[in-house]
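Accompanying notes for the structure given below.
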Amino acid sequence: MQILAGPIVQILMTAIGFSGGLALAAAGITLIYMTTGTFNFAHASMTAWGFYIVFSLYKVLLGGNPYLYFPVAFIFSGILGVITYLVVNRWLLKRGADMVTLMMSTLGVDLAFFAFINIFADYLTATYKVNTRLIVLTTEDIILGKIGTFPFKAITVISVAIVVGMALFFYLLLNRTKFGIAFRITVENPSLASILGINTETIYLFAWFMGGAMAGLGGAILSLVISGTPTVGNTVIVPEFAASIVGGLYSIYGGLVGGFLIGLSQKLIINWLGSVLGGNIVVYEPIIPLLIMAATLLLYPEGLAGIDWRRIFSRSKSSRR
Amino acid sequence: MMEGILEYLYNPLVLSILVNMAVFLIVTLSLNLETGFAGIPQFGRVLAVIAGAIGAGAIAGRMMAAMMGLPAGIEYVGDQNFVIVGELNKALESSPLLSIGALILSLAVAAVMGGIMGYLASYPAIRLKEAYLGITLLAFGDALQIVGMYYDPLAGGTAGIVVPDVFRFVGTGEIRFLSSTLIILGIAILVYLYVQRLARSPFGRALKAMRDNELAAKVYGKDIVSLRAKTLIIGGALAGMGGALWTLYTGSFKALTYNRLTWTFWPWAFMMLGGTGNNLGIVLGTLVFSTVRSLIYAYKTELTAFIPINPNWLEYLLIGVIIIAIALFRPQGILPEKPELPLSKKKIESIRASLAKGD
């Protein structure tokens, strides 16, 4: 029994770390979508840049501790978001471009960022003679202790702490500050917000910075949970999209919850299936988030945030009465 | 003169441009039907393409093997795949009629498979909106690719399979690639004519009405659900044929080839460059892009001397920048959509003249 409990604990640890990264990135997608109406394909490369920033600074350039470079990943991908807004998205929003044009323009941005990652990876390989095409940092994590015979890695705690901290930050920002009120008005009704003298562009700029930065931080977390290639963004973008959509696209907390729902079920369901049906099934892991997303949308076409929780709650209360 | 042209066509670069252009033209036209005319954000184009490729490569091939009395079960995609397809090729080579029949069978199976995928996609398409729909369709496409990659009994998994050469009736060797390219180009032209006719038909006008104002189209008695479902089925069937032709041309099927970037996003870029909602623009956009891609691919080694980066990334950079530039500066594309007249201009003029006389 002890032998069996070990792997399950370890799988759960990995699943939690993975979900934290996913949740941050998904909330970033939601943040950008709810403010600017842009469904950001470039999140793939922003996540991958976060991944590569941690790898290159920790493993190649400076060394030390991988967590030291999380803020760098945060700021770097945030700057990528700001560039995307200032160079592309801003002008399209001013013109009132439709959803599909907004979405496709970020695909163009993604291809460019993706090219830059590869150029950077080639440069690292040429200059420092390191393999940048398959990165494994999962073994480099700080070990806090042991559960049975299995190491308890720091990333599990840190990933949850970052997500909770981020949720708390947004809660305080949106509910306790003037900027937060301005933000919420802009989301509800941008033209009314401008009439009231709110500079909506500042709000959009903030959303793009934070959206990109959260993708970068998500990528930094993922770098200690999964192994990666330059196409890592392409692999994680689908569960990120799924998490954001399941969360409902209109609530940052929805994105965070969606990330945990998708991430945990992806890792846990596939392990359960693997133990029941045999190891061959494990390759189908990427399909699980897609199935969960499809099932959620068919039940609730606007995701989890589209459900009127208050109504369900009050109905159950009234039925009790 | 004719020989001069033939000599020129034997150039592998020209062939590559032509065949890329023809296959992607079919796929992009199908995308334009769904996105340009019907307004469905089809981010899962690869779904029908890969279904068509599997239909032509694995299903039609098995049907042929079964007809010939060769093993058509799991052996067909397994170790014996090479042997069985070799036997099939021998039979196809002996009879041109059989070979043409095989081509038609493959395309028909591919169209049916693509159509089925379109029908499946219509289930979310009538319930979800905009981004939700686009990402759901994208997810469908990815899911089928993953199944194709890892479920070996379907089409050989990661190793892939070889596919019966249905172009055997035009010969083997160099002439085979040239003639099959021309045949694929011919099919692409037929698809263009069909889609163009469809766009000008009452059905096409109903699609545009639905795209521009769903409520108004409903008020005028258009059945939105059936319009969307029909569009997705037709579009899926056409895209399936596109995927099938690529498999048949290259003579092999590998699920890895049919990825989201190449078969969903590239057609989107082609469509945006040419002009969303304008079939002639699609032809232009596809021609420009496939020429650029083929040129970069062909001159990779020469390019490396001039630029400090790997030309692979140059391709991504270039296409990314083009997409951004189109979105920013010419969102309607090179050839913007024009109102399509249901009859030719001359005919309308003559009707107008006769009406004026009648008064």
Next on the checklist: Only four residue types carry charge here, +1 at the Cβ of Lys and Arg and -1 at the Cβ of Asp and Glu. Report the dipole size of region B:2-270 about the Cα centre in Debye, rounded to the nearest 20.
Outcome noted: 1080 debye
Next on the checklist: Using the Karplus curve 6.51 cos²θ - 1.76 cosθ + 1.60 with θ = phi - 60°, what ³J(HN,Hα) values do you get for each residue of region B:147-155, in whole Hz, with x for Gly and Pro?
Outcome noted: 4, x, 6, 10, 9, 4, x, 6, 8
Item to check | Per-selection metrics, region B:1-136 (Cα): Rg and Dmax in Å | outcome: 19.1, 57
Item to check | Under 15 Å from the Cα of B:Lys230 - aspartates and glutamates, other chains or at least 8 residues apart | outcome: B:Glu34
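Just want to confirm a number: the relative contact order over chain B, from Cα pairs under 8 angstrom separated by 6+ residues, in percent. Walk me through the intermediate numbers first.
Details: 544 pairs, mean separation 109.8, N = 359.
That works out to 31 percent.
Average partner chain C-beta neighbours within 10 Å, per residue of B:132-138?
Values: counts 10, 2, 6, 12, 8, 0, 5.
For peptide B:132-138, the averaged partner shielding equals 6.
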Checklist entry - Given q = 0.08, 0.13, 0.15, 0.18 Å⁻¹, what are the Debye log10 I(q)/I(0) values for region A:122-277, with equal point scatterers placed on the Cα positions and solvent ignored? => result -0.34, -0.81, -0.99, -1.23
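Sort region A:2-320 into rounded, prolate or oblate with this rule: let a ≥ b ≥ c be the square roots of the eigenvalues of the Cα gyration tensor; rounded if a/c is under 1.5, and if a/c is not under 1.5, prolate when a/b is larger than b/c, oblate otherwise. Don't jump to the answer; show the numbers that get you there.
Values: a/c = 1.74, a/b = 1.18, b/c = 1.47.
In terms of gyration-tensor shape, oblate.
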Checklist entry - Taking all pairs of different Cα atoms in the protein assembly as shown, averaging 1/r and flipping that mean, what Kirkwood radius in angstroms comes out? => result 26.9 Å
Next on the checklist: Which residue, B:Thr247, B:Ile233, B:Gly204, has the largest displacement toward the positive end of the dipole of region B:197-276 when charges sit on each Cβ (Lys, Arg +1; Asp, Glu -1)?
Outcome noted: B:Gly204
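Order by neighbour count: A:Val246, A:Val276, fewest other Cβ atoms within 10 Å first, most last.
Ordered from fewest to most neighbouring Cβ atoms within 10 Å, A:Val246, A:Val276 come out as A:Val276, A:Val246.
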Checklist entry - How long are the semi-axes of the ellipsoid equivalent to region B:150-202, from square roots of 5 times the Cα gyration tensor eigenvalues, in whole Å, largest first? => result 30, 22, 7
Item to check | Cα centroid separation - region B:77-114 against region B:284-301, whole Å | outcome: 31 Å
Checklist outcome for this item: Computed, not fitted: 222 nm per-residue ellipticity of the protein assembly as shown from DSSP H runs ≥ 4 (each -39500 (n - 2.57)), nearest 500, equal to -23500 deg cm²/dmol
Checklist entry - Expressed as a whole number of Å, what is the distance separating the alpha-carbon centroids of region A:169-189 and region A:216-236? => result 30 Å
Item to check | Cβ-based exposure ranking for A:Glu285, A:Glu240, in which fewest neighbours within 10 Å come first | outcome: A:Glu285, A:Glu240
Checklist outcome for this item: Length-normalised contact order of region A:35-169, Cα under 8 Å, at least 6 apart, in percent, tallies to 27 percent
Item to check | Size of charge dipole - region B:1-132 - debye, nearest 20, with Cβ of Lys, Arg +1 and Asp, Glu -1, no other charges | outcome: 500 debye
Checklist entry - Counting Lys and Arg as +1 and Asp and Glu as -1, what is the net charge of the other residues whose Cβ lies under 13 Å from the Cβ of B:Ala143? => result -1
Checklist entry - Measuring from label point to label point, each 7 Å out along Cα→Cβ, what is the B:Thr158 to A:Thr125 span in nm? => result 1.9 nm
Checklist entry - Taking other Cβ within 10 Å of each residue's Cβ, how do B:Met67, A:Met34 sort, fewest first? => result B:Met67, A:Met34
Checklist outcome for this item: Residues whose modelled amide H sits under 5 Å from the amide H of A:Phe41, counting only those 5 or more places away in sequence or on another chain, are A:Thr106, A:Leu107
Checklist entry - For region B:142-156 and region A:238-295, what is the separation of their C-alpha centers, rounded to whole Å? => result 19 Å
Checklist entry - Running Debye on chain B with equal point scatterers at the Cα sites and no solvent, what base-10 log of I(q)/I(0) appears at q = 0.10 Å⁻¹? => result -0.66
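Convex hull over the Cα atoms of region B:235-286, averaged projected area in nm²?
Numbers: hull surface 15.4 nm².
If I average the Cα hull's projected area over directions, I get 3.9 nm².
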Checklist outcome for this item: For region B:1-104, averaging the sequence separation of alpha carbon pairs under 8 Å that lie six or more residues apart and dividing by its residue count, the contact order in percent is 12 percent
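Computed from the coordinates by the stated procedures, all read-outs in this text should not be read as laboratory data. Quick caveat: nothing in here was measured; it's all calculated off a predicted structure. When we count neighbours, we look across all protein chains shown, and the Cβ atoms used for this are built from the backbone with ideal geometry, even at glycine.
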